[in-house]
């Protein structure tokens with residue numbers, strides 16, 4: 001039951017991160033996405049993956065928050081509570097089929113490895129690519145800020 005509730009929170013926060021107009025609120029919703037992902041890892045027996053996800057998420061949020069505050073224009077109007085409610089409702093609606101429907105996981109083979117072992121053995125490329133994306137974003141922001149400080153010269 002707790003995994004389903006965390007999954008709903010993950011989907012709702014991801015939708016809010018994508019569709020909110022103000023950068024600060026969007027980054028705050030993205031922090032919820034990273035937090036729920038880390039909790040799901042920890043509850044499935046992959047504590048080190050959860051800690052890694054949380055640490056990478058904090059670094060990503062710091063970069064996104066600073067760049068969003070320094071480089072974006074402030075929107076003229078605030079996000080309406082109606083839009084936020086619609087987005088939360090859409091996230092809950094998208095997660096309801098997974099909450100109420102379950103697919104039988106019975107198969108002829110038995111896997112004796114734990115979730116944590118499988119995660120670390122199969123996720124190497126994902127971790128490297130995630131670090132590469134964060135590095136690329138950081139370098140791009142540094143270049144933009146350097147150009148802005150020197151007046152485009």
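Overview of values
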| read-out | value |
| --- | --- |
| Residues of region 134-148 that turn out to be at pLDDT below 80, under 17 Å from the mean Cα position of the chain (by Cα) and loosely packed, with under 12 Cβ neighbours inside 10 Å, as a count | 0 |
| Tabulated pairs, region 132-153, first within 14 Å of residue 62 (Cα to Cα), second modelled with pLDDT under 75 and loosely packed, with under 10 Cβ neighbours inside 10 Å, C-beta under 8 angstrom, 6+ apart or interchain | none |
| Only listed residue being over 22 Å from residue 131 (Cβ atoms), assigned to a helix (DSSP H, G or I) and modelled with pLDDT of 80 or more, chosen from 89, 57, 50 | 89 |
| Qualifying positions in region 15-43 - touching a residue at least 60 places away in the same chain (Cβ under 8 Å) and surrounded by 19 or more Cβ atoms within 10 Å (Cβ to Cβ) | 15, 16, 20, 41 |
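The values are calculated or read from the model by the stated rules, or taken from the named source; none is laboratory data. Keep in mind that what you see is a predicted model, and the values were worked out from it rather than measured. With ideal geometry, Cβ positions are generated from the backbone for all residues, glycine too; neighbour counts draw on all protein chains shown.
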